[in-house]
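To start, the structure itself, in structure tokens.
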Amino acid sequence: MERSATIRVAATTVVLVVLGACGGGGDAAPTSSTPATTTTEAASDVPAPSAGCSSDVAGGPVDEPRTLVVDGTERTYLYLGPERAPGDGPAPLVIDFHGLAEGADLHRVVSRLDALATREGFALATPSGTGEPVAWGVSTDASNPDLRFVDALIDEIGLRDCVDLRRVYAIGLSNGAMLSSTLACASSDRIAAIATVAGLTDPPACAPDRAVPVISFHGTDDAILLFNGGVGDLGTALEGGSPSMPEGYVADLDGAGIPAAAAAWAARNGCEAAPTDDRVAPDVLRRSYTCPQDAEVVSYVVEGGGHSWPGSEMSASLASVIGRTTTSIDANELAWAFFQRHRTPTT
């Protein structure tokens, strides 16, 4: 596909992501995020091998599309599994959720988590939603079919592959970030931690069984999904132009939208109310909360950043449509470092 056509497709995708949001509620990049807790004891490293570990068969790596039927509907996902040698322990599993209308294939190009998974040896599932345009339901109610789909997805991967059921993580972009937020509420027994890009929410009726660690990324100049809540310049985006920020808009680090959602997760996790802000790059602030063990909440604020995935080459190439992408931090590296610090509790 020619670059101009790619940009037009991406522009349409971005606009549809926004509509889904309405419906659903120069420095070197750091390679790890600083723990925001004051705990002195790390989480237990004892794994929970899935049933697929019983054969202990060497092989791989695996990179393939897969299907499963949930509620009578055929669902699809891309699966990337690490190479295994005899005696290897179970791999962590990261589930990466696309934005509205984006789909798994395009989203994998945007996030490029497949490259990190190959390097670090974790399993990666990139599923597709349903509908036209393809989307995720973000309700915490048990009637949400995507909650059942995610349960079935984890079950199937656990049966077919060797993964650590204490190290299952969710990450997503926009509408996919909203589903990740929902999973932290409704599936806290299965999801060890979440990462959100341009779409952290505080879902209604959120009642997790345990504190779920949260790391988020959002740009202050996101003209599509505003930092302080609400939808931005849809008209220009619909015409394939360059969306602009509302006149006089100034991001409020203590206002509604992303700051309020992060503060709500911190309160839910039992963290101290006052966060600490550290400048980790000329254009990036890290807001962290002092939290109990395994209840970490961290929010990366990209000053001047757009509706984009930090560190993504694909996002950077679409600056005229989605705004600026920072290269001062890498969302993949930071999220993976964050995930490695957290597991679900032992039973």
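The values are calculated or read from the model by the stated rules, or taken from the named source; none is laboratory data. Nothing here was measured: the structure is a model prediction, and the numbers come from that model. Positions of Cβ are backbone-derived with ideal geometry, glycine not excepted, and every protein chain shown enters the neighbour counts.
Key figures for this structure:
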item: Selected residue (only one of GLY240, GLY305 is part of a loop (DSSP other than H, G, I, E, B), modelled with pLDDT of 95 or more and among the small types (Gly, Ala, Ser)); result: GLY305
item: Check on GLY219, under 22 Å from GLU102 (Cα atoms) and either in contact with a Gly (Cβ under 8 Å, 6 or more places away or on another chain) or among the aliphatic types (A, V, I, L, M) (or both); result: yes
item: Residue among SER188, SER180 that is crowded, with 24+ Cβ neighbours inside 10 Å, closer than 30 Å to ARG66 by Cα and of a type in the set (Ser, Thr, Tyr); result: SER180
item: Evaluation of ALA319 against (1) aliphatic (A, V, I, L, M); (2) buried (at least 22 other Cβ atoms within 10 Å of the Cβ); (3) over 19 Å from THR201 (Cα atoms) (one fails), failing number; result: (2)
item: Identity of the residue in the stretch 87-105, on the phi < 0 side of the Ramachandran plot and more than 15 Å from the chain's Cα centre (by Cα), that ends up surrounded by the most Cβ atoms within 10 Å (Cβ to Cβ); result: ALA91
item: Boolean, THR326 is surrounded by fewer than 23 Cβ atoms within 10 Å (Cβ to Cβ) and of a type in the set (S, T, N, Q); result: no
